[in-house]
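Visitor: Could you have a look at this structure, given as structure tokens, before my questions?
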Amino acid sequence: MPTMLTDVFRGHPIHLPHSHQPDFSSLGELPDSYTWTSKDDPLFTVAPSPPAAGENIPLIDLNHPDAANQIGRACRTWGAFQIINHGVPLELLHGIEFLTRSLFQLPIQRKLKAARSDTGFSGYGVARISSFFNKKMWSEGFTITGSPLNDFRKLWPQLHLNYCDIVEQYEEQMQKLASKLMWLSLKSLGVSEEDIEWASVSSELNWAQSALQLNHYPVCPEPDRAMGLAPHTDSTLLTILHQNNTAGLQVFRDDLGWVTVLPVQGSLVVNIGDLFHILSNGMFKNVIHRARVNQTRSRLSVAFLWGPRSDTKISPVPKLVGPAEAPLYRSVTWTEYLRTKAIHFNKALSMIRNHIEE
Ligand SMILES: C=C1C[C@]23C[C@@]1(O)CC[C@H]2[C@@]12CCC[C@@](C)(C(=O)O1)[C@H]2[C@@H]3C(=O)O
Ligand SMILES: O=C(O)CCC(=O)C(=O)O
Ligand SMILES: [Fe+2]
């Protein structure tokens with residue numbers, strides 16, 4: 001039996017202080033434990049690119065005949081893009097946003113009934129990457145993989161089935177979209193289904209797995225000194241993100257610094273994750289991103305984290321490796337990679353890089 005995402009952290013406990021979450025709304029000023037400086041994160045004080053510079057991740061219409069090339073360009077230069085005409089019904093985006101808002105509005109004692117355990121994958125808690133930082137993040141999250149029924153029953157004794165239904169519909173739409181986006185991006189590199197035998201469209205439902213990460217960034221008294229979600233790359237092939245209409249997501253470019261991804265009503269943000277960077281032999285950027293917070297508006301986001309089943313080894317597509325070159329990375333499964341990342345965080349990728357002798 002392949003390991004499912006639910007089992008990834010079994011035997012790899014991470015002690016995180018979920019139960020010490022404060023009542024964010026009662027804090028009139030930022031406690032020291034939430035105050036970030038460049039000592040806590042070297043990229044903290046890198047100036048954001050001024051909106052007037054007009055730099056933003058590309059907005060791509062999936063119905064455009066040249067969509068595959070536009071996506072390819074975005075993956076190579078940004079590792080991120082926004083999409084419209086993606087086919088996901090607007091009511092479903094409203095539905096998942098409504099569910100997310102309802103969940104985080106519950107009293108803390110109720111949310112803690114579904115707290116993620118030290119070895120668990122799903123449930124309520126602080127960001128998994130929190131253990132790598134000295135300061136706390138101004139956010140709370142809820143991770144779902146597989147059926148959320150047990151957790152949702154604890155959260156909403158009466159209405160859990162309605163909420164499970166929304167998650168099921170949302171995941172179904174996201175899976176279809178993620179697969180379409182992967183093939184469009186690969187097409188731009190001249191890679192087709194024959195080149196990756198484990199990912200054939202006919203076995204699509206068998207080879208992929210996913211998690212949903214719901215994020216809440218409460219209103220913050222001193223947003224300039226706080227951090228919603230610290231800089232990271234996703235471990236996924238790709239992540240599809242829905243954000244409410246409050247800005248906060250920023251992507252990092254070496255030449256531009258932090259660039260804010262302004263919400264576009266009805267659009268979805270796509271982030272290239274570490275596994276796609278590996279698969280593309282480094283041609284696609286795994287985008288560094290973070291979430292900032294706001295003084296007047298709370299922010300919600302829903303990330304659909306998508307990758308291969310745990311028994312699938314990901315390695316650079318041979319067609320993308322030059323005849324006289326070694327592939328940039330060794331092969332790795334999502335499970336192995338998540339475990340490496342849980343221990344080594346942003347050094348994980350370099351640990352599977354092939355070091356080529358000159
Ligand atoms: C499958 C996963 C990717 C993720 C860790 C997780 O086990 C579930 C949550 C995901 C998330 C979301 C917030 C940022 C992130 C780095 C984290 O701490 O938890 C990602 C993880 C990831 O992509 O590595
Ligand atoms: O809230 C956001 O915009 C970012 C969320 C994110 O990066 C994640 O869940 O992995
Ligand atoms: Fe992320």
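Visitor: Rounded to the nearest 500, what is the chain's calculated 222 nm mean residue ellipticity when only DSSP H runs of at least 4 contribute -39500 (n - 2.57) each, over all residues?
Guide: Details: 9 runs with 92 residues, N = 358.
So the calculated ellipticity at 222 nm is -7500 deg cm²/dmol.
Visitor: Can you give the angle from 0 to 90° between the axis of helix 160-187 and the longest principal axis of the chain, with both taken from C-alpha atoms, to the nearest 10?
Guide: 30 degrees
Visitor: Ignoring ligands, DNA and RNA, what percent of the accessible area of segment 1-128 is carbon or sulfur (1.4 Å)? Don't jump to the answer; show the numbers that get you there.
Guide: On the way: 3580 of 6520 Å².
Heavy-atom surface of segment 1-128 belonging to carbon and sulfur, 1.4 Å probe: 55 percent.
Visitor: Could you please state, rounded to a whole Å, how far the C-alpha centre of segment 209-264 is from the C-alpha centre of segment 53-116?
Guide: If we compute the Cα centre of each part, the gap is 11 Å.
Visitor: Let me ask something else about it. Relative to the longest principal axis of the C-alpha atoms of the chain, give the angle of the C-alpha long axis of helix 334-344, reported between 0 and 90° and rounded to the nearest 10°.
Guide: Helix 334-344 sits at roughly 60 degrees to that axis.
Visitor: Have a look at GLY123, GLY28, GLY282 and tell me which one the Gaussian network model of the chain (Cα, springs below 10 Å) gives the largest fluctuation.
Guide: With Cα springs under 10 Å in the chain, the top fluctuation among GLY123, GLY28, GLY282 is at GLY28.
Visitor: If you don't mind, there's one more thing I want to ask. If you add up the charges near THR260, with Lys and Arg at +1 and Asp and Glu at -1, over every other residue whose beta carbon is less than 11 angstrom from its beta carbon, what do you get?
Guide: Local net charge: +1.
Visitor: Of the heavy-atom accessible surface of segment 284-358 (probe 1.4 angstrom), what whole percent is carbon and sulfur? Walk me through the numbers before you get to the answer.
Guide: Working: 1950 of 3740 Å².
Here it works out to 52 percent.
Visitor: Another question, then. Between LEU112 and ALA326, take the C-beta separation as r, use R0 = 30 Å, and let me know the FRET efficiency to the nearest 0.05.
Guide: Working: r = 49 Å, r/R0 = 1.63.
Rounded to the nearest 0.05, the efficiency is 0.05.
Visitor: Same structure, new question: If you place +1 on the Cβ of every Lys and Arg, -1 on the Cβ of every Asp and Glu, and leave all else neutral, what size is the dipole of the chain about its Cα centre, to the nearest 20 Debye? Display every interim value, and only then the final one.
Guide: Values: 32 positive and 34 negative charges, 143 e Å.
Here the chain has a charge dipole of around 680 debye.
Visitor: Oh, and also: Just the number please: accessible area per residue for the chain, 1.4 Å probe, all protein chains included, in Å².
Guide: Numbers: 16050 Å² over 358 residues.
I get 45 Å² per residue for the chain.
Visitor: What is the count of Lys pairs in the chain whose alpha carbons sit under 15 Å apart, if the two are 8 or more places apart or on different chains? The partial results should precede the final answer.
Guide: Values: LYS39/LYS135; LYS39/LYS136; LYS111/LYS154; LYS113/LYS154; LYS187/LYS319.
Qualifying lysine pairs in the chain: 5.
The values are calculated or read from the model by the stated rules, or taken from the named source; none is laboratory data. Values in this document were obtained by computation on a predicted structure and should not be read as measured data. Neighbour counts run over all protein chains shown; Cβ positions are idealised from the backbone, glycine included. In case anyone asks, the SASA skips ligands and DNA or RNA and just uses the protein heavy atoms, side chains included. Shrake-Rupley method; radii C 1.70, N 1.55, O 1.52, S 1.80 Å.
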